[in-house]
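For reference, the structure discussed in these notes is given below.
The values are calculated or read from the model by the stated rules, or taken from the named source; none is laboratory data. If you're wondering where the values come from, they're calculated on a predicted model, not measured in any experiment. No Cβ is skipped: glycine too gets one built from the backbone with ideal geometry, and neighbour counts run over all protein chains shown.
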Amino acid sequence: MNDIKIGQLYKHTPTGIVRRVVLADNNRVSFKEDATSYYSHCSIKDFKKFWIPYTPKEEKVSHSSNYTNTQDMIDIKNIEGKYYQHTPTGKIKKVVCVDKNYVILRNNFNYSRCLIKDFLKFWRPCEAPNDKAHDNKVNHPSHYTWLKDLCGIEVIDITRHMDFNLGNSIKYILRSGHKKEEGYTDKQKTIEDLKKAIWYLNDEINMLQKEN
């Protein structure tokens with residue numbers, strides 16, 4: 001596994017397909033064709049048997065290129081493994097690698113890429129994400145602690161005194177309208193939480209009705 005380079009292009013010898021390695025562990029290698037494509041995987045055994053390093057043919061650089069400045073190219077090569085913040089959105093990502101045209105970025109297990117000219121324009125160096133902020137998301141997420149600002153208690157202070165179904169139902173009711181999730185509008189997430197609350201209530205009712 002030590003000879004597998006993250007960010008390197010590899011060619012599948014039986015088919016000629018070229019993919020970039022984005023992740024590798026002791027069991028498998030993960031590929032991605034570009035920022036919008038799906039991931040693909042293969043075992044370490046198959047990778048070593050069928051995949052070889054690939055170097056694209058040298059392309060002529062157009063005079064209209066937006067990143068021909070020599071100093072920019074020197075700087076861009078020193079950013080791998082460092083954290084950068086996207087100034088328009090505030091999102092923080094780690095630079096995985098840089099190739100001739102793109103910067104490959106990672107946020108947890110989500111990969112994305114942007115043109116070098118856009119990276120230089122919109123991304124700025126920053127510190128790694130705050131571990132304390134991460135702990136707060138785990139131990140005291142805001143969609144559960146908002147109640148404390150109103151009456152001095154968190155949602156868990158109520159639900160820990162209830163049984164499983166009722167506690168979960170109250171949890172989803174109290175967090176509805178407060179939890180954000182990527183891919184959902186606020187309305188969609190609120191409806192989903194309320195449906196979950198109803199499911200736990202119905203399950204509790206069904207259990208009570210079956211009792212002798």
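Taking the numbered list (1) exposed (fewer than 13 other Cβ atoms within 10 Å of the Cβ); (2) modelled with pLDDT of 80 or more; (3) under 22 Å from residue 94 (Cα atoms) in turn, residue 34 passes all entries but (2).
Taking region 79-121 and the strands (runs of 3 or more DSSP E) fully enclosed by it, the elements with 2 or more residues that are over 17 Å from residue 21 (Cβ atoms) are at 83-86, 92-98, 110-115. Among residues that are at pLDDT 85 or above, under 28 Å from residue 201 (Cβ atoms), in a helix (DSSP H, G or I) and of a type in the set (Ser, Thr, Tyr), residue 172 is included.
Which residues, counting only those in region 122-143, are modelled with pLDDT of 75 or more, surrounded by 10 or more Cβ atoms within 10 Å (Cβ to Cβ) and assigned to a loop (DSSP other than H, G, I, E, B)? Listed by number, the residues that qualify are 126, 141.
Residues in region 1-22 that are within 17 Å of residue 103 (Cβ to Cβ) and not in a loop (DSSP other than H, G, I, E, B): 9, 20, 21, 22.
Does residue 202 count as outside any loop (DSSP other than H, G, I, E, B) and of a type outside the set (Val, Ile, Thr)? Considered against the rule, which asks whether it is outside any loop (DSSP other than H, G, I, E, B) and of a type outside the set (Val, Ile, Thr), residue 202 comes out as yes. Of 81, 90, all but one fail to be modelled with pLDDT of 80 or more, within 26 Å of the chain's Cα centre (by Cα), under 22 Å from residue 182 (Cβ atoms) and not assigned by TED's automatic domain parsing to the domain that holds residue 182; the exception is 90.
To keep it simple, each residue is scored yes or no on (1) at pLDDT below 90; (2) closer than 30 Å to residue 110 by Cβ; (3) not assigned by TED's automatic domain parsing to the domain that holds residue 110.
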site: 145; (1), (2), (3): yes, yes, yes
site: 166; (1), (2), (3): no, no, yes
site: 180; (1), (2), (3): yes, yes, yes
site: 183; (1), (2), (3): yes, yes, yes
site: 186; (1), (2), (3): yes, yes, yes
site: 194; (1), (2), (3): no, yes, yes
site: 197; (1), (2), (3): no, yes, yes
